[in-house]
1. Of all the residues that make up region 195-232, how many are part of a helix (DSSP H, G or I), within 18 Å of Gly160 (Cβ to Cβ) and in contact with a helix residue (DSSP H, G or I) (Cβ under 8 Å, 6 or more places away or on another chain)?
2. Cβ-Cβ distance below 8 Å, separation of 6 or more or different chains: which pairs start in region 300-323 with a residue that is more than 16 Å from Ala289 (Cα to Cα) and end on one that is of a type in the set (Val, Ile, Thr) and open to solvent by 10 Å² or more (accessible area, probe 1.4 Å)?
3. Within region 252-308, track down each residue that is touching a Pro at 6+ places or on another chain (Cβ under 8 Å), among the aliphatic types (A, V, I, L, M) and open to solvent by 40 Å² or more (accessible area, probe 1.4 Å).
4. Restricting attention to region 160-184, which residues are not in a strand (DSSP E or B) and not acidic (Asp, Glu)?
5. Do you know which of the residues in region 91-109 that are assigned to a loop (DSSP other than H, G, I, E, B), in contact with a helix residue (DSSP H, G or I) (Cβ under 8 Å, 6 or more places away or on another chain) and open to solvent by less than 100 Å² (accessible area, probe 1.4 Å) is nearest to Leu70 (Cα to Cα)?
6. State which residue is farthest from Val188 (Cα to Cα) when the search covers only region 198-221 and only residues that are open to solvent by 40 Å² or more (accessible area, probe 1.4 Å) and β-branched (Val, Ile, Thr).
7. Answer with yes or no whether Ser63 is out of contact with any strand residue (DSSP E or B) (no Cβ under 8 Å at 6 or more places or on another chain), of a type in the set (Ser, Thr, Tyr) and either open to solvent by 20 Å² or more (accessible area, probe 1.4 Å) or free of Cβ contacts under 8 Å to residues at least 24 places away in the same chain (or both).
8. Quick check, is Thr88 over 30 Å from Ala159 (Cα atoms), at pLDDT 95 or above and surrounded by fewer than 20 Cβ atoms within 10 Å (Cβ to Cβ)?
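The values are calculated or read from the model by the stated rules, or taken from the named source; none is laboratory data. Just so it is clear, the model here is predicted, and its values are computed rather than measured. Here the Cβ is made from the backbone with ideal geometry for all residues, glycine too, and neighbour counts use every protein chain on show. What goes into the accessible areas is simple: the full protein's heavy atoms, side chains included, and nothing from ligands, DNA or RNA. Shrake-Rupley method; radii C 1.70, N 1.55, O 1.52, S 1.80 Å.
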Amino acid sequence: MLRPGPLNLLTDVPGLTVGNATDEAVKTGVTVARFPGGWTAAVDVRGGGPGVRETAALSPENSFAKLHALTFSGGSVFGLAAADAVTTALSRAGEGFQLRPETHPTPIVGGAVLYDLANDGDKAWGDEPPYRRLGREAFDALDTTFDLGAVGAGRGAKAGVVQGGLGSASLDLGDGLIVGALVAVNSVGSVYMPDGETFWAWSFEIDGEFGGRTPTGPAGAVEPLPDGSRLAGLGRLNPGTNTTLAVVAVNADLTAGECQRLAIMAQDGLARAIRPAHTPFDGDVVFAAASGAVALGEEGRQIILARLGAAAGDCLARAIARGVHLASS
């Protein structure tokens, strides 16, 4: 039986650290993941209303398909400022591409945001939105352990009509290979089956990590857009007002193109855990990063990549359910 890593977090992938910062007055927050030295990376965007930063740089055909850090933030477009603070902090620490000897190092800091502006937090911030400050606070909090639930980028999130949150999970595949996932769940779709208690991801659960609830019978044909009338009443059936932001990471020596395949396969985790996913109202995005610590070689490489991608999807489905479960409990 495969098991999670010791923390059951993204940071079970060696070298990674994650930090959260939460503003309870605004009911929002920022989550930062750091990839020391710059990890090979890619991104796959499936949602109809994404808010992102540096995704074009991660295209495999481009020159800088690496990530030094990644920010997930509430605040919609205002939240993109969180990455500015992280970029500055990394450059001051000497992290990034040294394009010319006399200039500052230039780190690649990806970013993605979710919409939480309609919650009842205080959004009267005038000329000083809190997200640059929160980005720096999350950077200063970087560690191998971090909280899940209604914290960081998941603080103001919703999953369908219930509290969303920040989730994470990992899986040890043996032979030194570790897969991890981190997600901020703010989806228009529901994470629950029609009983409102059993997660769609229930069959991927390990050791009761999100409550141990199993279905009492077959689901049968169900409404394609659960709680549609309630979502409309909440103003959430509008493009850009929902999203699921995720990153999956491995310690294998993947190329940029292989990271792209990893991100594509990991998107299946959204479909396993959220119904529906990738709608016109969501900005669903999955980043993928690889440290390169474990050499795969060429023999059987594609088989290993397929296994990593399938595991990344499973981890992401579990992370989604964990985040909502811990936010509600």
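1. Looking only at region 195-232, we keep the residues that are part of a helix (DSSP H, G or I), and these are 202-204, 228-232.
With within 18 Å of Gly160 (Cβ to Cβ) added as a condition, the list becomes 202, 228-232.
In the following step, the residues that additionally are in contact with a helix residue (DSSP H, G or I) (Cβ under 8 Å, 6 or more places away or on another chain) were identified as 202.
Final tally of qualifying residues: 1.
2. Hits for this filter: Arg318/Ile206.
3. Result: Ala293, single match.
4. Correct list: Gly160, Val161, Gly164, Gly176.
5. Ile108
6. Thr216
7. yes
8. yes
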